[in-house]
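Beneath this line is the structure, given in structure tokens, with notes to follow.
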Number of protein chains: 2
Amino acid sequence: MPGPPGPLYLLTAGQALELLQNNAITVEKYARSLLQRINERDGTVKAWVHLDRQQVLEQSKTLDHIPQGQRGPLHGIAVGVKDVINTKDMPTQFGSPLYEGHQLGSDASTVAILRAAGALILGKTTTTEVSVTNSGPDTTSPHAPNRTPGGSSCGSAAALPAYQVPLSLGSQTGGSLIRPASFTRVFAMKPTHNVISPEGQKMVSPTFDTFGVMARSIEDLQLVADIFGLQDGNADDPQSATDIPLSDLSVAVVKSPMRHRAGPGTINAIKKAAAILKKSGCNVEEAVFPSSSSFPDEESLRRMQKVSMAGEARVAFLREYRIDKTKLDSSICKLVENSDNITHQEQAQALDTYGNLRAVADSSAAKYSVILTPSAVDEAPLGLHDMGSAAMNTLWTGLHMPVINIPAFVGAHGMPIEVSLVAGRFHDQGLIRVAKALSGPVVEEGG
Amino acid sequence: MPGPPGPLYLLTAGQALELLQNNAITVEKYARSLLQRINERDGTVKAWVHLDRQQVLEQSKTLDHIPQGQRGPLHGIAVGVKDVINTKDMPTQFGSPLYEGHQLGSDASTVAILRAAGALILGKTTTTEVSVTNSGPDTTSPHAPNRTPGGSSCGSAAALPAYQVPLSLGSQTGGSLIRPASFTRVFAMKPTHNVISPEGQKMVSPTFDTFGVMARSIEDLQLVADIFGLQDGNADDPQSATDIPLSDLSVAVVKSPMRHRAGPGTINAIKKAAAILKKSGCNVEEAVFPSSSSFPDEESLRRMQKVSMAGEARVAFLREYRIDKTKLDSSICKLVENSDNITHQEQAQALDTYGNLRAVADSSAAKYSVILTPSAVDEAPLGLHDMGSAAMNTLWTGLHMPVINIPAFVGAHGMPIEVSLVAGRFHDQGLIRVAKALSGPVVEEGG
């Protein structure tokens with residue numbers, strides 16, 4: 001069997017897995033390639049907050065010693081873990097001085113499941129303070145060191161296009177996964193809320209908090225979705241990407257309540273994506289989303305999001321506040337102190353209204369194979385102190401709908417601008433299959 | 001100042017706190033009294049799964065060394081912690097062979113907040129397997145060693161009437177807190193969902209999982225509610241228990257959809273409670289709850305509860321299943337395997353419908369000062385292998401409404417039968433005040 005054509009670090013998880021499963025390479029050899037690449041690139045990118053090279057090599061050797069028949073389905077595949085997700089053998093510091101050196105001794109559920117599948121947990125990637133603030137780490141975009149990779153899953157996003165790791169884990173309460181994926185040109189999936197357990201991941205606002213994954217190919221997202229046992233169980237979903245003729249797919253280009261926030265690059269990317277899909281034979285339709293006249297406007301939605309999240313974050317961070325509020329960012333202290341005087345009555349209303357919208361949104365989504373919508377306002381901002389806005393993402397997070405970021409376009413400064421594909425709740429595998437079918441022409445003809 | 005009239009272990013948290021704050025006793029002296037009591041009683045009650053006497057005494061001494069001005073508001077008060085809530089310095093074994101010896105280097109948020117307030121974390125109390133199964137620990141009711149204390153917060157419930165600890169922590173997904181409180185005659189509070197962070201507490205079904213507290217007085221529940229920063233922020237709630245003339249209070253004796261499940265002891269207890277409150281001057285009204293004709297019937301509610309919880313538990317326990325399913329109870333394996341073939345479509349519908357009911361229930365509750373409803377089907381069953389039914393509790397858990405168990409009555413076998421007081425979401429402090437006013441006559445004239 002011929003060896004791989006270039007450096008191992010260039011491989012997607014699926015490509016590396018094939019070599020590992022065929023014993024064409026050892027885990028150690030693969031890990032050494034990634035570590036070498038990290039040595040070369042991380043001086044500029046700064047994606048990692050914890051990486052113990054010795055430990056990585058030891059774990060690689062341990063994996064190599066597992067007899068062939070006992071190896072897991074992700075045997076040897078390296079994964080970067082956002083530092084708000086606990087790892088038993090590495091510190092988890094939540095981007096917070098309060099948690100300097102903090103190490104639990106137990107993995108988050110997601111890490112435990114990946115480890116049980118044979119994954120190599122490579123290290124911890126940078127995050128903003130408890131994934132709430134909008135600046136902090138000095139992580140840079142691998143595409144331009146003077147631009148942010150976006151937050152709060154900044155390290156997980158930056159490590160991928162820097163070819164430091166093929167898979168990374170993140171979390172999203174507003175747009176902390178899809179937005180940095182868009183800024184850095186990677187595939188990312190925010191699954192349906194609570195179809196993957198967030199246990200062991202720092203809580204912010206449990207109604208919105210969602211675990212997610214980033215990769216350099218849609219096939220790798222599929223690989224991870226399978227490991228986490230995602231199932232649609234809906235007979236009407238397409239069962240395989242190869243079964244989907246593009247002419248069978250209907251795409252809703254939505255005019256969401258947030259449409260006025262889109263920048264020129266994003267408007268252009270959506271237009272281009274729609275045109276490409278139309279040309280490829282899809283039924284592309286402009287649609288007001290959700291198609292209910294009673295759906296709240298942008299201002300009401302933003303207020304509801306703020307009220308729900310702030311009310312829950314106030315509870316989530318009381319612990320840190322009580323232990324040492326001098327080590328908490330002032331914005332987090334203000335949340336705990338409820339400095340905006342949000343009433344419980346408004347919080348209950350916001351949670352209920354958002355709850356009601358989920359069924360409405362699902363019905364709207366069910367009319368199409370997929371929804372096409374922006375992943376970010378525009379290109380990544382200049383500098384590292386504004387990590388961008390979640391304006392385009394929070395609606396879908398709150399609606400609990402699965403979202404996949406498809407990298408394809410470039411903006412005015414040559415930086416990535418991507419698009420999101422969205423489906424109804426629990427249609428995660430269906431969304432992956434549709435995204436696989438659609439991403440072909442979009443990525444090819446995109447930018 | 002005169003010393004306490006009897007053994008220190010008899011004191012409520014509030015009484016002990018007064019002595020500790022006045023330096024009438026040391027934390028060590030108080031802890032020694034509790035440990036002595038545990039030595040005497042726990043051979044029969046078996047409430048503790050972990051109790052390190054040496055560690056307790058060391059922590060007591062550490063607390064005693066804290067200068068007076070730096071002591072927390074719960075200085076020296078002993079707390080028992082249900083063994084599904086993580087503690088940094090003690091094993092947390094989730095009642096599961098998979099977690100034998102498992103110890104995190106970090107407290108659950110609730111434990112961290114209590115510790116920051118000066119509490120003495122005494123030890124870990126028994127629970128059923130991951131708080132899901134309905135038998136397991138050999139904990140007995142302190143009122144009758146041949147009867148269950150109820151589950152899954154069995155140790156936390158049993159330790160209180162055994163005078164082993166004045167405060168204990170539990171959790172409730174169905175009725176795991178209120179039911180054992182009812183079986184063992186203790187005050188218990190299940191607050192509004194998510195007003196106290198469940199971070200670091202084993203997840204089962206995040207939409208239902210709620211942290212809660214047990215004590216031997218309503219004042220002690222108040223003490224803990226204050227530590228956790230519970231606030232109503234509703235100007236129309238009574239601001240103090242002493243301000244409430246009973247004639248100002250209206251009590252809804254509800255005919256909930258679960259009313260047909262009540263046993264004779266419970267029917268009698270509710271009747272008696274209503275009569276006592278009426279005699280005491282309250283406005284007592286029979287009410288169908290919620291007062292909406294579209295509210296689902298018992299069968300629909302039970303199905304929705306099952307579907308929501310099973311769908312979420314399937315996600316919550318994938319980790320344990322993947323690590324070693326041979327060490328999981330077969331009922332939990334069946335949840336993960338979705339052996340009941342629950343579809344995602346039904347799960348989404350159940351979650352949405354339950355969501356819609358919350359506002360309906362709040363509106364119904366707002367018509368009264370408080371709702372009076374059963375805490376359990378009847379007395380604690382005989383034997384330790386059936387820990388009772390959550391039939392009377394799950395509705396309120398799913399509606400996210402705060403519930404307080406008021407001990408007062410006895411059943412046919414002389415075992416406790418209690419009643420629940422329920423309020424609308426986020427009216428936690430108001431509910432405590434009303435419960436304080438009402439529990440006086442109910443406890444006095446009850447059993």
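Tell me, rounded to the nearest percent, the portion of alpha carbon pairs in region B:325-447 spaced more than 17 Å apart.
68
Give me the log10 of I(q) over I(0) for region B:259-341 at q = 0.17 Å⁻¹, as the Debye formula computes it from C-alpha points; what are the numbers?
The Debye formula, applied to the Cα set alone, gives -0.82.
Please report B:T266, B:T207 as a ranked list, fewest other C-beta atoms within 10 angstrom at the top and most at the bottom.
B:T207, B:T266
Take the Cα of B:Q231, step 7 Å along the line toward its Cβ, and report every residue of region B:417-442 whose backbone nitrogen sits under 15 Å from that point.
B:426-430
Given only helices, namely DSSP H runs of n ≥ 4 each adding -39500 (n - 2.57), what is the per-residue ellipticity at 222 nm of the protein assembly as shown, to the nearest 500 deg cm²/dmol?
-11500 deg cm²/dmol
Report P(r) for region A:158-209: all Cα-Cα distances, bin width 5 Å, range 0 to the bin holding the largest distance, values in whole percent.
Reading the bins upward from 0: 4, 18, 30, 21, 17, 9, 1.
Over all directions, average the projected area of the Cα convex hull of region A:368-427 and note it in nm².
Directional mean of the projected Cα hull area for region A:368-427 stands at 4.6 nm².
Given a Förster distance of 56 Å, report the FRET efficiency between A:K29 and A:K278 from their Cβ-Cβ distance, rounded to the nearest 0.05.
In this case the efficiency is close to 0.80.
To the nearest µm²/s, what D does Stokes-Einstein give for region A:14-165 at 10 °C and 1.306 mPa s, using the Kirkwood radius over alpha carbon pairs as Rh?
Once the numbers are plugged in, D ends up at 101 µm²/s.
Name the lysines eligible as straight-distance cross-link partners of A:K202: C-alpha to C-alpha under 16 Å, and not fewer than 8 places from it in the same chain.
In chain and number order, the partners are A:K82, A:K88, A:K124, B:K202.
Just need log10 I(q)/I(0) for region B:87-232 at q = 0.09, 0.17 Å⁻¹, Debye formula, equal scatterers on the alpha-carbon atoms, no solvent, rounded to two decimals.
Result of the Debye calculation: -0.24, -0.94.
Can you sort A:C333, A:C154 by how many other beta carbons sit within 10 Å, fewest first?
Going from least to most buried by this count: A:C333, A:C154.
Which distances in nm, rounded to one decimal and ordered from shortest, link the label point of A:D340 to the equivalent label points in the other identical copies, with labels set 7 Å from Cα toward Cβ?
Here the equivalent label points are 3.8 nm apart from this one.
Considering only the label points, 7 Å along Cα→Cβ from Cα, what distances in nm to one decimal separate B:S300 from the same position in each other copy, shortest first?
From this label point to the equivalent ones elsewhere in the assembly: 2.6 nm.
I want to verify the translational diffusion coefficient of chain B in µm²/s; compute it with Stokes-Einstein, Rh as the Kirkwood radius over Cα pairs, at 37 °C and 0.692 mPa s.
150
List the aspartates and glutamates whose Cα sits under 17 Å from the Cα of A:K334, skipping any in the same chain fewer than 8 residues away.
A:K334 reaches A:E129, A:E312, A:E320, A:D324.
Tell me, A:M214, B:M309 in order of fewest to most beta-carbon neighbours within 10 Å?
B:M309, A:M214
Equivalent-ellipsoid semi-axes (√(5λ), Cα gyration tensor) for region A:11-54, whole Å, largest first?
23, 11, 8
Go through region B:187-196 residue by residue and turn each phi into a ³J(HN,Hα) via Karplus (6.51, -1.76, 1.60, θ = phi - 60°); whole Hz please, and just put x for glycine and proline.
6, 8, 10, 9, x, 3, 3, 6, 8, 10
Need one number: convex hull volume per residue for the protein assembly as shown, Cα atoms only, in Å³.
Cα-based convex hull of the protein assembly as shown, divided per residue, equals 158 Å³.
Within straight cross-link reach of A:K279, meaning Cα distance under 30 Å, which lysines are found once same-chain residues fewer than 8 apart are removed?
A:K190, A:K255, A:K271, A:K367, A:K436
Output the direction-averaged projected area (hull surface divided by four) of the convex hull of the alpha-carbon atoms of region B:85-153, in nm².
5.4
Only four residue types carry charge here, +1 at the Cβ of Lys and Arg and -1 at the Cβ of Asp and Glu. Report the dipole size of the protein assembly as shown about the Cα centre in Debye, rounded to the nearest 20.
420
Taken together, the values in this text are just the output of simple stated rules run on the coordinates, not laboratory data. Computed from a predicted structure; not experimentally measured. Don't worry about glycine lacking a Cβ; one is built from the backbone with ideal geometry, like all the others, and counts go over all protein chains shown.
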